[in-house]
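Asker: Structure incoming, see below.
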């Protein structure tokens, strides 16, 4: 008991000495000890107090300076005319800093990261210690005047300078109003920030700090309003965020996160911070002419940024989907759908060249689920889109992706691997049997009388950090298969160039008679961005349709020729190919080929030397087309595996080539040779 009494008496004596002297005599020991622990120079040029008042620790220092590490641009981490604070004793014993009150006057605080993003100025002690996140002490009340805070992060290309001052609050529930304003740059783009934090009057029980923050930059505006449980406490915050801007990608740039661009957007969401996660819930808004809703979580598991989102749209406008794959949102805003087309090398190009930001996607991971009830597109009957995006250390997967396309099921798995020096993309897109009448209704097919279905698959692999580059280097195969069925359309006879039958049906009003399809295959083998017909072969009740040629993902040129040979005798049959040419952005059809013109010339010659009836001989089709075996067609086999109905190898289909060169030009000799190779009649 006596020992305990002596111990308490000693503590009382120490407390009394400190209280009477205000601990002024501890100034130099404090400087020495603090410099040793922080491994920075700590200097107090003016008055110094350190004592219990009566139970909380009172710390006061005038002209206090804490040096920065040698690598930092600013000489000092802290340079303050006055630091005056009361620290709760009990939390301090357990390693927590809880400030009941603080006054900062004439302070300059420099927060910096090094250029590699490996060290920061607020991680004290051993310089080889791993950088720690910025954690502010819990502050109940404070008064700040003439204080400037600067933040520099070269790796994130972020710099900001913010001034902070406290004024007397006008609201009777609040004691003080901490106001702040400043400016900075993010990735070279300037921004401004301003706001206030109303601190509650201590006489008001249960008061919470009211925050209002406004930031603007790069045609982006953000407002955050709500309450904080403490002036520097985020955990349990009850906030609301409203963001507006031209492109949401610019907003996420502040997080160092590369998200797809959008057209002009407006978003609103509840915002809170719990369990070391920023949570945006009840999110809603619009971008372009589309709506968006859902939730988003931003976390740092294992010290790596991760986005987790569950989003949905009732309606997504096809133009609003454009920026996601690389189209310029500003150009789309100005020109609409035509903004996706640009002139390159003297001809139109539609595949975007916007590059993947490989450096940005390497800094974070993502798990995003997005559902779209309806896609608003003039000629694309698609709905019920459901996609999952997974980003894990620069490997981005869109898998699975499903959608309803004209009553059929569209599925896709796409993987973009940016982990190496070259970006590689794998495409696997599948279409289950889909009614042709619904799919092609806006292109002339009629649902009534059309029973045919179509299925398809695209499997390719390409290199490059843009959609255009990836497809321009791709290798793989594209196949569209048509099993038995009927197709009703008034234009199908034009594609077959069976002029006698077409004219006859046109005048007899029988244009809607269904075309009986036995089987069909439209397939291309893709090598280094060049797609060659392999094969185009469609067997109908009356004709066998074959095609050669192809198209190029490199310059987006199209050069195809399709010809129909009759199975039965037909008068006025042109027997000449229909040309499909032009560019992806401006395709063209040319049913009057040079060979048809040649037949017309031959007919005129016969008519001149004989009789007009003799001129018709040039347009007679003897009906000797060889019916196709449907087995190889329905299996999507290459041209070399195709057979006639009698099992013999076909000699009228083969691997096609594009006629145009990379510049999109073709010599007359090249065109003549290709026509000769295709037609085999000259």
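The numbers here are math on the coordinates, done by the rules we state, and not lab data. Bear in mind that the values here come from a model prediction, so they are computed numbers and not experimental data. Cβ placement follows ideal geometry from the backbone for every residue including glycine, while neighbour counts extend to all protein chains displayed.
Asker: More than 19 angstrom separation, counting every C-alpha pair in region 360-442; what % is that?
Answerer: For region 360-442, the fraction of Cα-Cα distances above 19 Å is 48 percent.
Asker: Still on this structure, I have one more. Give me the Å³ per residue figure for the convex hull around the C-alpha atoms of region 227-353.
Answerer: Per-residue hull volume (Cα only) is 121 Å³.
Asker: Compare the peptides 558-564, 44-50, 434-440 by average per-residue count of other Cβ atoms within 10 angstrom and give them in order, highest first.
Answerer: 558-564, 434-440, 44-50
Asker: For region 96-150, what is the convex hull volume of its Cα atoms per residue in Å³?
Answerer: 94
Asker: Mind giving me the nanometre distance, one decimal, between the label points for residue 395 and residue 223, set 7 Å out from Cα along Cα→Cβ?
Answerer: Distance between label points: 4.5 nm.
Asker: Using 11 Å as the cut-off for backbone N distance, which residues of region 400-438 belong to the label zone defined by a point 7 Å from the Cα of residue 447 along Cα→Cβ?
Answerer: Those under the cut-off are 406-407, 437-438.
Asker: Would you mind pulling out the separation of the Cα centroids of region 47-94 and region 152-166, in Å?
Answerer: 22
Asker: Would you kindly state how much longer the chain becomes between residue 268 and residue 159 on full extension, computed as 0.36 nm times their sequence separation minus their alpha carbon distance, in nm to one decimal?
Answerer: 36.6 nm
Asker: At 10 °C and 1.306 mPa s, grab the translational diffusion coefficient of region 304-350 from Stokes-Einstein with a Kirkwood Rh over Cα pairs, rounded to a whole number in µm² per second.
Answerer: Values: Rh = 12.8 Å.
For these conditions, the coefficient is 124 µm²/s.
Asker: Right, next: What length, rounded to one decimal in nm, is gained on full extension from residue 646 through to residue 118, with 0.36 nm per residue of separation minus their alpha-carbon distance? Could you put the intermediate results ahead of the total?
Answerer: Values: separation 528, 0.36 × 528 = 190.08 nm, distance 7.31 nm.
In short, 182.8 nm is gained.
Asker: Where the centre of each part is set by its Cα atoms, how far does region 208-279 sit from region 372-430, in angstrom?
Answerer: 29
Asker: For residue 302 and residue 424, calculate 0.36 nm times their separation in residues minus their Cα-Cα distance, and state this gained length in nm to one decimal.
Answerer: Going from the current span to full extension adds 41.2 nm.
Asker: Another one. For the residue pair residue 343 and residue 588, what label-to-label distance in nm results when each label sits 7 Å from Cα along the Cα-to-beta-carbon direction?
Answerer: It works out to 1.6 nm between the two label points.
Asker: Let me ask something additional. Regarding region 21-156, what are the three Cα extents along the principal axes, ordered largest first, in Å?
Answerer: That works out to 46, 30, 27 Å along the principal axes.
Asker: If you don't mind, there's one more thing I want to ask. I want to make sure I understand the PRE zone here: with the label point 7 angstrom from the Cα of residue 378 toward its beta carbon, which residues in region 322-345 have backbone N atoms less than 13 Å away?
Answerer: 336-340
Asker: Another question, if that's okay. Taking a ≥ b ≥ c as the square roots of the Cα gyration tensor eigenvalues, with a/c under 1.5 meaning rounded and otherwise prolate when a/b beats b/c, else oblate, which class fits region 54-115?
Answerer: Oblate.
Asker: Using a simple spin-label model with points 7 Å from Cα along the Cα→Cβ vector, what separation in nm is obtained for residue 331 and residue 71?
Answerer: Roughly 4.1 nm, to one decimal.
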